[in-house]
Structures are given as C-alpha cells and as structure tokens.
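Chemist: Here it is: the structure, laid out below.
The values are calculated or read from the model by the stated rules, or taken from the named source; none is laboratory data. Keep in mind that this is a model prediction, so the values were computed, not measured. Methodologically, a virtual Cβ is constructed for each residue, glycine included, from the backbone with ideal geometry; neighbour enumeration extends over all protein chains shown.
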Amino acid sequence: MPPNGTEPVRVPYEEVSPESVTTYEIGYKSLIQKKLLIDAYIYYGTYQHFLTRRDVAQFESGVTPSLDTTYRGISVVVNSPEKVKTYGWAVGLEWLLPSNFTIGANASSDHIEDVPAGFRTFFNAPELRTVLSVGNTGFGPNKYFGFNVSWRWQDGFFYENDFAQGDLPAFNVVDAVISFKQPKIRSVIKLGANNVLNQYYRTAVGNPSIGGLYYVSFAYNVL
C-alpha cells in the first residue's frame, strides 16, 4: 500500500547484480598474568549492490493504478542504489580468581547505515547484547563440585522477515548449572537450567515464546 495515502508510483524492474563487501577488522586478544583474558574486535564494512527487498503492488494488466484498485502485494529482491555500511564491535573479559572462582563479561553491538527509504534489509541484530557470568571450576570435598551462573540481556529492535515484521522487545534471562565430578568413573553429572526464572521471551517476530529449559545430564569418559 502506498504510504500516507499517496498515489502509486511505478517501480521498474531492474536486473539484480551480486553484492560485494569490503570489510576492515581490528582485533586484540591477550592473557595477562595467566589470570585475565581479554578478547576484543571492531569491524567496518561497505556493501556494493547490497541485496535487499522492496514491497511492491502488482495491478491487473490494462488497469490504471489508484488507491481504490485491487492489487497483489509482492516482495521483490533488488539492489540498493546506494552503498550500505555496517559496523560493530565486541569485547569479552574473563578473570580467574582465587579458589577456582571465575567471573566473565562480554558485550557486542552491530549497526547498519545508509539504507534507502522503502528498502528492507533483514539486518536482524540488536544494538547491544551483554552476558555477565560467575562460576567455580572446583570447590567442596576434593573440589568435586562446580557451578556457573550467567545473566544474558539483549536490547529490543525492529525485526524483519518475509513472514512478519515488528518491534521485538528487549529481554534478560538467567542460566545456571551445578556439576559433580566422579573421577573414579571419569564422569560428570550436571543439574541446570536455561532461563531458570522461566521468563518468556522471543528471538524473532512470529516465533513462539521461549520459557525455561531444565535438565539433568550425565557425561561419561570426560575426566
């Protein structure tokens, strides 16, 4: 449907060309004093002939298009007439503490720019994602026990696909697991949960909501 009640505009068909991208990336990774691991990168890319989609209306042959004319909506693949730019970054930290404790944190971000109006990119990435975690690789009698708890947060963003599009709300969930080592049989028993608080969230528009997943696992011949 034409925006804001305007009359339809003819969109001529143009042959689609393969897209190409030129990307620059800088990264850094280091282990400081065998206790602090740092991993970070930034990137910048420029797309030529960026493949995207446009929503158009198909009218019957010989019919003069108007707002009152019956039409069929179609999504067609087209090249962006302008260069499209993407950029982003990520940084992660993991710190080894006394008594086998560890804490970690990471964050990442992705962006897209210079997309012409009326074009859809399906660039379904939030502006910011973060994960914070704390754990222990061995405590208790003979250091047989371990645990890890992490908190995941993702920013809301506008989601696009062929099926549906719309605003996807931000969400945050907590994952947790506790493990028990069995050295005599070279095994590990784990009791854990993804989304332990059972807070329902979606990762795409049109997808079902995701709740808590609780599990018990037994791994053999891993020690």
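Chemist: Every residue in the range 70-105 that is of a type in the set (G, A, S), in contact with a His (Cβ under 9 Å, 6 or more places away or on another chain) and farther than 26 Å from Y28 by Cβ, please.
Modeler: From the range 70-105, those of a type in the set (G, A, S) are 73, 75, 80, 88, 90, 92, 99, 104-105; that's our starting set.
Filter once more, so that each one left must be in contact with a His (Cβ under 9 Å, 6 or more places away or on another chain): 80, 88.
Across the range 70-105, the qualifying residue is only S80.
Chemist: Sticking with this structure for a sec: Can you pull out the strands (runs of 3 or more DSSP E) entirely within the range 1-115 that have at least 3 residues that are closer than 30 Å to L128 by Cβ and modelled with pLDDT of 95 or more?
Modeler: On the way: elements: 20-32, 36-48, 51-59, 71-79, 84-96, 101-113.
Result: 20-32, 36-48, 84-96, 101-113.
Chemist: Related question: If a residue must be in a loop (DSSP other than H, G, I, E, B) and either under 21 Å from V131 (Cβ atoms) or touching a Pro at 6+ places or on another chain (Cβ under 9 Å) (or both), how many such residues does the range 186-206 contain? Lay out the reasoning, then the answer.
Modeler: Step one: of the range 186-206, the residues in a loop (DSSP other than H, G, I, E, B) are 186, 195-200, 202-206.
Filter once more, keeping what is either under 21 Å from V131 (Cβ atoms) or touching a Pro at 6+ places or on another chain (Cβ under 9 Å) (or both): 195-200, 202-204.
Final tally of qualifying residues: 9.
Chemist: Taking the criterion of being closer than 19 Å to F101 by Cβ, in a strand (DSSP E or B) and at pLDDT 95 or above, would at least one residue in the range 214-223 satisfy it? Lay out the reasoning, then the answer.
Modeler: Quick first cut of the range 214-223, residues closer than 19 Å to F101 by Cβ only: none.
No; the residues of the range 214-223 include none that is closer than 19 Å to F101 by Cβ, in a strand (DSSP E or B) and at pLDDT 95 or above.
Chemist: Quick check on F157: is it farther than 22 Å from A193 by Cα and under 17 Å from the mean Cα position of the chain (by Cα)? Even if it seems obvious, please write down each step before you answer.
Modeler: Details: farther than 22 Å from A193 by Cα: yes; under 17 Å from the mean Cα position of the chain (by Cα): yes.
Criteria met by F157.
Chemist: Going through the range 23-44 one residue at a time, which ones are of a type outside the set (S, T, N, Q) and loosely packed, with under 10 Cβ neighbours inside 10 Å? Break it down stepwise before answering.
Modeler: First, pick out the residues of the range 23-44 that are of a type outside the set (S, T, N, Q): 24-29, 31-32, 34-44.
Matches in the range 23-44: I32, K34.
Chemist: Residues of the range 108-122 being within 16 Å of G156 (Cβ to Cβ) and surrounded by fewer than 16 Cβ atoms within 10 Å (Cβ to Cβ), which ones?
Modeler: Residue satisfying the conditions is H111 alone.
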